[in-house]
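The values are calculated or read from the model by the stated rules, or taken from the named source; none is laboratory data. Being a predicted model, the structure only gives us computed values, none of them experimental. Please note: Cβ atoms are built from the backbone with ideal geometry, for glycine as well, and neighbour counts cover all protein chains shown. Quick note on the areas: whole protein, heavy atoms, side chains included, nothing else; ligands and nucleic acids left out. Shrake-Rupley method; radii C 1.70, N 1.55, O 1.52, S 1.80 Å.
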Amino acid sequence: MHAVVVEVDIDDADAARQGLVDVVSNLRAAPGFVAGYWIRLDDGHGTSVVVFESEAQARATAPQADGTAPGVTMTSVEIGEVLASA
């Protein structure tokens, strides 16, 4: 399994929460989707971890590092192998 880890600056918390409805819906339908977690670290920052069955599926679904989504600006996007889960 591989995970897409996205760090964001939260520009508008309400818009970000509303935008997640579409993001979650789209990702659930993505090939190889296993699980996803969206975490607000504080009022201005957040992170997400979305797990896929393969590296190719993670790469095909990962957003651009300099992209935006409703209410957020992405500051980093990384893909890594999942070594363990509980």
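The figures follow:
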read-out: Qualifying residue in the stretch 11-28 (condition: of a type in the set (Asp, Glu) and outside any loop (DSSP other than H, G, I, E, B)); value: yes
read-out: The stretch 44-55: number of residues that are within 17 Å of His2 (Cα to Cα) and either part of a loop (DSSP other than H, G, I, E, B) or free of Cβ contacts under 8 Å to residues at least 12 places away in the same chain (or both); value: 2
read-out: Some residue of the stretch 47-65 being surrounded by fewer than 12 Cβ atoms within 10 Å (Cβ to Cβ) and out of contact with any helix residue (DSSP H, G or I) (no Cβ under 9 Å at 6 or more places or on another chain); value: yes
read-out: Pair list, Cβ under 9 Å, 6 or more apart: the stretch 1-30 residue touching a residue at least 60 places away in the same chain (Cβ under 8 Å) and among the β-branched types (Val, Ile, Thr), other residue open to solvent by 50 Å² or more (accessible area, probe 1.4 Å) and in a helix (DSSP H, G or I); value: Val4/Arg59
read-out: All positions within the stretch 56-70 that are touching a strand residue (DSSP E or B) at 6+ places or on another chain (Cβ under 8 Å) and either touching a residue at least 60 places away in the same chain (Cβ under 8 Å) or farther than 23 Å from Leu83 by Cα (or both); value: Gln64, Ala65, Asp66, Gly67, Thr68, Ala69
read-out: Check on Gly80, free of Cβ contacts under 8 Å to residues at least 60 places away in the same chain, open to solvent by less than 50 Å² (accessible area, probe 1.4 Å) and of a type in the set (Gly, Ala, Ser); value: no
read-out: Residue match in the stretch 34-43 (condition: charged (D, E, K, R), touching a residue at least 60 places away in the same chain (Cβ under 8 Å) and in contact with a strand residue (DSSP E or B) (Cβ under 7 Å, 6 or more places away or on another chain)); value: no
